[in-house]
Each structure stands twice: as C-alpha cells, then as structure tokens.
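Asks: Take this structure, written in structure tokens, and hold onto it; I'll ask about it next.
The values are calculated or read from the model by the stated rules, or taken from the named source; none is laboratory data. Bear in mind that the values here come from a model prediction, so they are computed numbers and not experimental data. Note that each Cβ is placed from the backbone with ideal geometry, even for glycine, and that neighbours are counted across all protein chains shown.
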Amino acid sequence: MDIHLRNITMKFQDVYAVQNINTTIKSGQLVSLLGPSGCGKSTTLMLLSGLYKPTSGDIYFGDKNVTNMEAEDRKIGMVFQSYALYPHLSVLKNIMFPLRMEKVPKKEAKERAQAMTKLMHIEHLQDRKPGQLSGGQQQRVAIARALVKEPKLLLLDEPLSNLDARLRLEMREEIRRIQQEIGITAVFVTHDQEEALSISDHVLLMKDGVIQQHSKPQSMYRYPCNRFAAKFLGNPPINLIETKHGQTQEKLHLHTYNQTKQILAAEQRDVTIGLRPEDLYVSSKENHLISGQVIHMETIGRDTMIRVQLQEETVRALIHPDATIQVGQTCYLGIKEENIHYFNTETGIRLT
Ligand code: ATP
C-alpha cells in the first residue's frame, strides 16, 4: 500500500510544524524521516498515525483518503522511544493486549502473540515482566506488540534513542530484518544520519517543516541537493569552502582540475565547494587542489584524521594511517573531480 501525502500543512498557533509536504512512501519500503530537532519529523509521524489532523492537505493510504479517519481505524502499529509496556503484565500478555482489546478469543490471541515472540527472537522471555528485561529486549516486546494486529503501516518514533551504541546497532539491524521479512511499509523517525542511511530504502530529509530531499540513502549522500543536506549527512562533516567569483586561485590550485575550472568560470556568482573528508587524499605539490599547514591529527578507527589550516577555513581529511604527515607540516590534498560538490553560495542549491 503506497502512502501519499498531498500538500500537507500542520500549524500550531503561529508555528508551521510542517509545510506543504508532498511525497509518496512506497509499499513495502522503510523510509526514514531525518532532520534536526524541531524540523517536523514527529509531527509528520503523528499525521500519518491519525493522532493529528492536518491543518490542510490530504493523506491517502493507497487510493483511500484517510485524512479524517480516526487513528484506531488506520491499521497502524506504533513503536516509541519509551517502550510503553505494561509493567504488571508478562511479555506474552503485553503482546496479546491489543488483540484482547479487540475481543480476539484468548487462544487465538495467545497463538498470534507467540508467533510474534518467535519473529522477534524473544520466545524464551514470554513469562517475564518488563522490569526483568534489558532495554533492547523491551524494545523487541514493544515491536512485537505493534505488529501483532498485522498492521499495514509501522511507525517508529526514535525507537533506538534509549539504547547504548552496541544495542542500537543490533536493534537497527533487527528492525530492518523484521520489516523485510514481513514486507511491511515502515516510517522511521531519527535525527541520526548514520542510522537513517544504514536502515532505509529511502530517506526523507526535513528542515523547518519542509522536505529538502527524498531519495535513496546513497544518492542523498553522493548528490546532496543543497548545502544543508550536504552538511547534515556525513561524519566527520563535509568541508565547505567559499570561493569568490573570479578569485578562486587564492584558495584552490586548479592546475589539473579542468572541469572545476570550467564550472567556477561558468558560474557568474560565488560558489561554495564541498569536499568530503573521506574523499580527500594526500597528493603531490603539482596535482593538489588545496594546501595548508596541518594543525591537528587524530586516529579515528582505521583512519587518521587531519585538520589543515587554509587561509580562512580549516579542512578535515581522513587519510591513510601510513601517510607520513606530521603536525606543523605543509600538506597538499587532492580529490577526484567527480567527488567535488558545488553549491550556489547565496541560495545553497547544488550546481551541476
Ligand atoms: P525532535 O527531534 O526534537 O522530536 P521533530 O523534528 O520531531 O523534533 P516536531 O516535534 O514535529 O519536530 O516539531 C516541529 C515544530 O512544531 C517545532 O517547532 C515544535 O516546537 C512545534 N510543535 C510540535 N508540536 C507542537 C504542539 N503540540 N504545539 C505547538 N507547537 C508544536
């Protein structure tokens, strides 16, 4: 079931939480709503759930306009950051609860709940109370409970925020496994770009209630549509170097960078170039793009991160740990031309 948001706006008093959203979430896909705090992710999720009604616009589940349909009629499963389990009920009874509320006979409810414990790999925890479970196990129960009614859409609101780094990784793989195994359409809210990029079929990036980009994770990373998207994705963050029209030679050594030369010359305005730290490499004096003094070095995993002082800005580069570089040295950095991003400095919009 495809989900369509058509001209959706949600206004709280004088705040536009989301503004004129138009997008389609494809059936069976996991889509992340990504963006900084306050960008409208949770509001969008609440609109999908039916707990909020939009100020204007329409929501379609397939061909059906559900804008005015109540939450309980939408066949939705929800998982929150707080697991919201009933502490006095066992794991199995927690999972059975939504079915019992719908008067599903006890035997059937039990069988369906048990099938869910199997799917979530928590069969052995059926009789425990939530207080006797780890955070990750509680989240598995919450997901099982959200899925037991066989919803058409699964909504997850920052479900991994309360877990430590290792468990987050494990649970995000689990969520992906289950989502694919049962083929459910899922919308996953997160402000963590790495999480969004790793788990999703598509990422919907938001800022100030407006969709910035809706694309596959890799294409959002490789072709960010504007400076905001470029900066929001990637860690360490992308380096942005502002060049003044006609004065690029002061910052960039364009000797062998013919395409860049052409692009900068063609644009009759200031251009910001984006260089991802992992795309930069130590190069020779003849072929470099930028150069400066190394002011800092540290080891990040298997790479070495260096910071290089240019005229105004500093640039981060992730380089091979064997590179013979020292703090205080002049360093020449190169990049493949196809990895350079160009943005209109004034509007932030991507060029080329
Ligand atoms: P976070 O990551 O911090 O949860 P978010 O991206 O989910 O943020 P929303 O919670 O959707 O953002 O909020 C979007 C904007 O709408 C914010 O400016 C917020 O202050 C405002 N807002 C959200 N809910 C309400 C409300 N019930 N009343 C008034 N303003 C609200």
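Asks: Quick one: in segment 28-61, which of the residues that are buried (at least 18 other Cβ atoms within 10 Å of the Cβ), in a strand (DSSP E or B) and not small (Gly, Ala, Ser) is farthest from the ligand (Cβ to nearest atom)?
Replies: 61
Asks: Shifting gears a bit: Working carefully through the options 231, 216, 129, 149, find the one that is farther than 20 Å from residue 91 by Cβ, touching a residue at least 12 places away in the same chain (Cβ under 8 Å) and not hydroxyl-bearing (Ser, Thr, Tyr). If you could, list the steps in order and put the result at the bottom.
Replies: On the way: 231 fails: touching a residue at least 12 places away in the same chain (Cβ under 8 Å); 129 fails: farther than 20 Å from residue 91 by Cβ; 149 fails: farther than 20 Å from residue 91 by Cβ.
The match here is 216.
Asks: Can you name every one of the strands (runs of 3 or more DSSP E) wholly within segment 135-250 that holds 3 or more residues which are within 16 Å of the ligand (Cβ to nearest atom) and under 14 Å from the mean Cα position of the chain (by Cα)? Break it down stepwise before answering.
Replies: Details: elements: 153-157, 185-190, 202-207, 210-215, 239-243.
Hits in segment 135-250: 185-190, 202-207, 210-215.
Asks: Please tell me if residue 291 is assigned by TED's automatic domain parsing to the domain that holds residue 248, among the small types (Gly, Ala, Ser), out of contact with any Pro (no Cβ under 8 Å at 6 or more places or on another chain) and over 28 Å from residue 226 (Cα atoms).
Replies: no
Asks: Next question, about the same structure. Those residues that are under 16 Å from residue 252 (Cα atoms) and buried (at least 17 other Cβ atoms within 10 Å of the Cβ), I need them from segment 318-341; list them, please.
Replies: Those that are under 16 Å from residue 252 (Cα atoms) and buried (at least 17 other Cβ atoms within 10 Å of the Cβ): 331, 332, 333, 334, 335, 340, 341.
Asks: Looking at segment 179-195, which of the residues that are hydrophobic (A, V, I, L, M, F, W, C) and modelled with pLDDT of 95 or more is surrounded by the most Cβ atoms within 10 Å (Cβ to Cβ)?
Replies: In the first step, residues of segment 179-195 are kept if they are hydrophobic (A, V, I, L, M, F, W, C); the result is 182, 184, 186-189.
Now narrow it down to the ones that are modelled with pLDDT of 95 or more: 184, 186-189.
Values: 184: 21, 186: 26, 187: 24, 188: 28, 189: 22.
Filtering first and then ranking leaves 188.
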